[in-house]
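Inspection log for the structure reproduced underneath, given as structure tokens.
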Amino acid sequence: MHNLPSLKEYIIAGAIILFSLLLGVIFKRIIVQWLLRITSKTAWKGDVVIVNASKGVFIYLFLIAGLLAAAIYMPGYGLFKKESVLLVLYVLTTLCFTVVVSRVLTGWIAIYQESTDSPLVKSTILNYIIKSIVFVIGFLIILQILKIPITPLLTALGVGGLAVALALQTTLSNLFAGIQILAAKNLHPGDFVKLESGDDGFIVDINWRSTTIRALSNKIIIIPNNKLTDSVINNFSKPEEEMSILIGVGVSYSSDLEKVERVTIEVAREAMAANEGAVHEFDPFIRYNKFDAYSINFNVILRVKSYVDQFLLQHEFIKMLHKRYKEEGIEIPFPITTIIKADTGEK
């Protein structure tokens, strides 16, 4: 039968743990800050990510080391089994390193996102996939440390996987739909899209469940990925952001169409030259297209750098054209209804 440790030995063991914890705090406050100052001056940003990902774990690693030292200090009292203590500490250490690796990889992805146009990289769905893989590997390593056979577990997971898949059918559908969207490379975070429902806006993110779109009104539209794949989507950022816009105009039948064309193109050129969102190298033109009930209609074709640039250009062009038509005596007709009253002969 083992004797119980004395009070002095308890105090020493506690002091070892507290000292280890103190070392962890000092390491985080001094050494880590010193490393951050050094790495911030290097050209590669990845080393900053490594230090930032690790700094929150150092205290736990020092604490684990303190617990190990305290356990080794009192091995003969039967209070601790060295093998059991080591097993627990190995598990905790593996968990800490799993968290660090996960943070480092997602941090490196964030750096790569700044320099790539890949839709898969720019969406958070990749972060979810990377984190899942890292933690699954960490979990398998922990099982090996605990000497738990993996084969029966995998068999059980295979049997239970069907039930889980049925229960999470919608979630899995959204996940694979999100991967399908990114793999097709037709949609990209930052693209301006218009949905079949009439909603439009910039794609903010494509994650494991849904796609987030920020409308021009600054509201957020969240669409499940599986519904997005079944929708008709207009992408105004593909194959390029530049786009032509058509502005409908109508003039009276008494108008000189040659003069109308000349005046309209002059105004269009002036409007595009004064607007930063216009493609200045583009030469605007018009195309007559319809003899309407009250007017001869045509479209003015302009070109802008992106979808949102069209609104200001349209605004300025319409104002300028209306003013110029008045000066040139060109009539923009509007519907007139004539009422003929029958003469009944009554006075």
Can you list the trypsin sites (Lys or Arg not before Pro) in segment 189-262 that are in a DSSP coil and have 13 or fewer other beta carbons within 10 angstrom? Lys219
Hydrodynamic radius of segment 262-327 per Kirkwood, over alpha carbon pairs, in Å: 12.4 Å
What is the dipole size for segment 243-328, taken about its Cα centre, with +1 at each Lys and Arg Cβ and -1 at each Asp and Glu Cβ, in debye to the nearest 20? 160 debye
Given a cut-off of 19 Å, name the pairs among Lys194/Lys290; Lys131/Lys227; Lys185/Lys305; Lys238/Lys305 whose C-alpha atoms lie farther apart than that in the structure shown. Lys194/Lys290; Lys131/Lys227; Lys185/Lys305
Segments 86-93, 327-334 sorted - mean Cβ within 10 Å per residue, highest first: 86-93, 327-334
Segment Trp44-Ile141, length gained on full extension (0.36 nm per residue, minus Cα span): 31.8 nm
Calculate, in nm to one decimal, what Thr151 and Asn186 gain on full extension: separation in residues at 0.36 nm each, minus their alpha carbon distance. 8.5 nm
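Each value in this text was obtained by applying a stated rule to the coordinates, not by laboratory testing. Because the structure is predicted, anything quoted here is derived from the model rather than measured. Here Cβ is always computed from backbone atoms with ideal geometry, including for glycine, and neighbour counts include all displayed protein chains.
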